[in-house]
Amino acid sequence: LAEGCRKTVAEAHASFRYHDLARSEQVIRREELSSGIQREVAQYLAEVSESQLSRMDAIRLEVLQTAASGLVRIGELGERLRDLAARKIEEKIGAAEDVDKDLNEAYDLVMAQFANILTLLRQRDAKTEENAVKMVERLAKFSSRIEGEWRRRLESPEAPASPIAIYLQAVIYQEAFDLLFRFAAQLA
């Protein structure tokens, strides 16, 4: 489930980044697969919860249930990013090179956090836990740093002359940043 969600986010981001709806079609197919896996995971965890569990196993079960719920939300957010990419393409909203760099940096941080979470779901590891916590802090700092900066970049002299074009670009990029940081929040 986690790997499927990671791929959904990667494909949706690639669709947004490269203005390529063909890449985003895979997001729809992957989400259907993830939904099936999610149902199986939820059913399995429900069956396990009906058993007599030790305190430690009950805690592990709760962690897995929380992780599964968070991954479902990430899959849904991946679909929203795919829809945003489609909107960006349909409305012919151009790329903004400097803002795209920040967006790609946010994406890279989210993917690094995915790697941490995938490792932790397979086997608990103190070093990976520490890396995951540091990544949460790094993402928070990055979010604070770029919050207003990317809007200023859109309004630079190289930006489209039309205020409507700038506005549409700002709305699309604001939502893209919001989705990336929501992925990060779910991973946290």
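Assuming charge only on the beta carbon of Lys and Arg (+1) and of Asp and Glu (-1), the dipole of the chain about its Cα centre is about 260 debye to the nearest 20. With each label modelled as a point 7 angstrom along the Cα→C-beta vector, the Q52-S144 pair spans 5.0 nm. Round to a whole number: what % of the accessible area of the range 1-84 belongs to carbon and sulfur, probe 1.4 Å? Here carbon and sulfur together make up 50 percent of the probe-accessible area.
In the chain, the longest principal axis of the Cα atoms and the axis of helix 163-187 are about 20 degrees apart. Protein-only accessible surface at a 1.4 angstrom probe places the residues E149, E25 in the order E25, E149, largest first. Placing unit charges on each Cβ (+1 for Lys and Arg, -1 for Asp and Glu) gives the range 52-188 a dipole about its Cα centre, and among I59, L118, I164 the Cα reaching farthest toward its positive end belongs to I59.
Taking only the Cα atoms of the chain, the ratio Rg/Rh comes out at 1.04, with Rh defined as the Kirkwood radius.
For a straight C-alpha distance cut-off of 24 angstrom, the lysines reachable from K7 (same-chain residues fewer than eight places away being disregarded) are K88, K101, K134. For the chain, the solvent-accessible area works out to 58 Å² per residue, with a probe of 1.4 Å and every protein chain left in place. A simple spin-label model places the labels of E90 and D178 1.8 nm from each other, with each point 7 Å out along Cα-to-Cβ.
Charge dipole (Cα centre; +1 on Lys/Arg Cβ, -1 on Asp/Glu Cβ; no other charges) of the range 1-103 amounts to roughly 80 debye.
Within the range 1-109, the ratio Rg/Rh, alpha carbon atoms throughout and Rh by Kirkwood, equals 1.13. The accessible-area ordering, largest first, of the residues Y167, Y107 stands as Y167, Y107, per a 1.4 angstrom probe. Mean sequence separation of contacting Cα pairs (under 8 Å, at least six apart), scaled by the length of the chain, corresponds to a relative contact order of 28 percent.
The values are calculated or read from the model by the stated rules, or taken from the named source; none is laboratory data. Note that the coordinates shown come from a computational prediction; the quantities given were computed from them, not determined experimentally. With ideal geometry, Cβ positions are generated from the backbone for all residues, glycine too; neighbour counts draw on all protein chains shown. Ligands, DNA and RNA are excluded from the accessible area calculation, which covers all protein heavy atoms including side chains. Shrake-Rupley method; radii C 1.70, N 1.55, O 1.52, S 1.80 Å.
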